[in-house]
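Student: Quick one: the structure is below, and I'll ask about it shortly.
The values are calculated or read from the model by the stated rules, or taken from the named source; none is laboratory data. Predicted, not measured: the structure shown is a model, and the values here were computed from it. Cβ coordinates were reconstructed from backbone atoms using ideal geometry, including for glycine residues, and neighbour counts include every protein chain displayed. Remember, those area values only see protein heavy atoms, side chains included, never the ligands or the DNA or RNA. Shrake-Rupley method; radii C 1.70, N 1.55, O 1.52, S 1.80 Å.
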Amino acid sequence: MDSSELRIAAVVPCHNEEASVAKVVADLQAAVPGIVVYVYDNLSTDATSERAREAGAIVRRENVKGKGNVVRRAFADIEADVYLMIDGDDTYDASAAPLMIKTLLDGPYDHVLGVRRQDESGNAYRAGHETGNKVLNGVVGKVFGENVEDMLSGYRVFSRRFVKSFPAVSREFEIETELTVHSLHLRVPRTAVPVGFRDRPAGSESKLRTYHDGFKILKLIAGLARHERPVAFYGLFGTLAWLIALVLTIPIAITYYDIGEVPRFPTLFLAFTLLLLGSLAWTAGLILDGIRRSRHEAARLVYLRYSAVTDDGPRR
């Protein structure tokens, strides 16, 4: 692939990756001639920066802990036509980068996801991670109505207009979920490419905390559902309140029909309160849906300010 006419930047977030970062940098430079590799050292206490600099990378520091903070900083600071994001732990196959970039340019697409395929050893995923990933993919697919193949993959290629229209509010490992949801709600052209995935090299330790980070991702998904599907989110609570109110009211109505009296005023008041709360929930959902639409239109206009990138250079 001739990338001489394009500015291609690789963003490599790292925290204590001295055992693997040099190989990641070298593999990227060999796979994509002319690529500029930016290694963001996120509070490492080992020789990550030195190994990366010796391998030919541009080393920058992000002193606020969290992968999301690194991506937020990198996307703001780096100017390029094509952005590649890959972890510094050498678990992803860097030789897939040319195909991912070519796929982005040929589309042209704005987001190419590297869908992980384990190597022959089959030990790349930690216990429970593959199942958890599939569950989260299913949840996001149901919430946003589109199929998601590998939401938690850290190997992706983006166009400039995707990067510069991405708000990046996540702080830690939820960043992959936010990237996926951004591409879904903005409905950018996107596709996926299978990439190799292997176990970490000896001396390298995973920073992912299975349950802690999993709950954070679920919390983010719930928040995104509230913001991106307000009618469904608030409507669910509103409908549930109406149903409970109906169940409480039916016996009271039957008693009133039989004897002409209402002996259970507290229950009746509770039913009317739930009916009111359900109506308020539906009203809030409808109002927030209008706000959501305005936000999406504004985000789309920001996205359209940037030109598409193809294999013959940025379109003007």
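Student: 7 Å from Cα along Cα→Cβ at both ARG117 and ALA299: what's the point-to-point distance in nm?
Tutor: So the two model labels end up 3.1 nm from each other.
Student: Right, another one. When only the heavy atoms of the protein chains count and the probe is 1.4 Å, how do LEU186, LEU277 rank by accessible area, highest first?
Tutor: LEU277, LEU186
Student: Using only the alpha-carbon atoms, how far is helix 67-77 inclined from the longest principal axis of the chain? Give it as 0 to 90 degrees, nearest 10.
Tutor: Taking the Cα atoms of the chain, the angle to 67-77 is about 60 degrees.
Student: Would you mind checking the tilt of helix 210-228 against the longest principal axis of the Cα atoms of the chain, expressed as 0 to 90 degrees and rounded to 10?
Tutor: On a 0 to 90 degree scale, this one is about 60.
Student: What is the stretch 65-191 by shape, rounded, prolate or oblate, if you read a ≥ b ≥ c off the alpha carbon gyration tensor as root eigenvalues and call it rounded for a/c under 1.5, prolate for a/b larger than b/c, and oblate otherwise?
Tutor: It comes out rounded by the Cα gyration axes.
Student: Under 5 Å between amide hydrogens, which residues at least 5 positions from ARG61 or on another chain qualify, with H placed 1.01 Å from N in the peptide plane?
Tutor: Excluding prolines and chain starts, which carry no amide H, the hits are ASP41.
Student: Arrange the residues ARG293, ARG187, ARG51, ARG160 by how much accessible surface each exposes, largest first, with a 1.4 angstrom probe. All intermediate terms of the calculation are to be shown ahead of the outcome.
Tutor: On the way: ARG293 150, ARG187 185, ARG51 80, ARG160 55 Å².
These residues rank, largest area first, as ARG187, ARG293, ARG51, ARG160.
Student: Write down the percent of antiparallel bridges among all DSSP beta bridges whose residues are both part of the chain, to the nearest 5. Before the final figure, lay out each step's value.
Tutor: On the way: 10 of 32 bridges.
So the antiparallel bridges amount to about 30 percent of the total.
Student: Another question, if that's okay. Note down the Stokes-Einstein diffusion coefficient of the chain in µm²/s, whole number, using a Kirkwood radius over alpha carbon pairs, 20 °C, and 1.002 mPa s.
Tutor: Working: Rh = 21.8 Å.
D, rounded to a whole number, is 98 µm²/s.
Student: Let me check against my output: what whole-number percent is the relative contact order of the chain, with C-alpha pairs under 8 Å and at least 6 apart? Could the numbers behind the result be given before it?
Tutor: Values: 543 pairs, mean separation 60.9, N = 316.
Reported relative contact order: 19 percent.
Student: Near the amide H of VAL37, under 5 Å away, which other amide H atoms are found, from residues 5 or more places off or on another chain, if H is placed in the peptide plane?
Tutor: Close amide H contacts, sequence-distant or interchain: ALA10, ILE58.
Student: Further, regarding this structure: If packing is taken as the mean number of other Cβ atoms within 10 Å per residue, what is the order of 296-306, 174-184, highest first? Mind dumping the intermediate values first?
Tutor: Details: 296-306: 13.1, 174-184: 22.6.
Order by mean packing, descending: 174-184, 296-306.
Student: Taking every pair of distinct Cα atoms and averaging 1/r, then inverting, what Kirkwood hydrodynamic radius in Å comes out for the stretch 8-87? Don't skip to the end; give the middle numbers.
Tutor: Details: mean 1/r = 0.0817 Å⁻¹.
Evaluated on the stretch 8-87, it is 12.2 Å.
Student: Highest mean first, what order results for 11-22, 243-254 on Cβ atoms within 10 Å?
Tutor: By packing density, highest mean first, the sequence is 11-22, 243-254.
Student: Using every alpha carbon pair in the stretch 66-118, what percent of pairs falls into each 5 Å bin from 0 up to the bin containing the largest distance?
Tutor: Bin by bin from 0 Å, the calculated values are 4, 15, 25, 24, 22, 9, 1.
Student: Output the 0 to 90 degree angle, nearest 10, between the alpha-carbon long axis of helix 129-144 and the longest principal axis computed from the alpha carbons of the chain.
Tutor: Result, in degrees: 60.
Student: Right, another one. Looking at this model, which pairs from LYS134/LYS216; LYS65/LYS219; LYS23/LYS216 are more than 21 angstrom apart at the alpha-carbon? Don't jump to the answer; show the numbers that get you there.
Tutor: Values: LYS134/LYS216 16 Å; LYS65/LYS219 19 Å; LYS23/LYS216 31 Å.
Exceeds cut-off: LYS23/LYS216.
Student: Now a separate question. Pick out, from LEU277, ALA298, ALA57, the residue whose Cα sits farthest towards the positive end of the charge dipole of the chain, with +1 on the Cβ of Lys and Arg and -1 on the Cβ of Asp and Glu.
Tutor: LEU277
Student: How large are Rg and Dmax for the stretch 156-308 when calculated on the C-alpha trace, in angstrom?
Tutor: Cα only, the stretch 156-308: 23.9, 80 Å (Rg, Dmax).
Student: Which order do ILE58, ILE78 take when ranked by solvent-accessible area (1.4 Å probe, heavy atoms of all protein chains), largest first? Walk me through the numbers on the way to the answer.
Tutor: On the way: ILE58 70, ILE78 0 Å².
Sorted by accessible area, descending: ILE58, ILE78.
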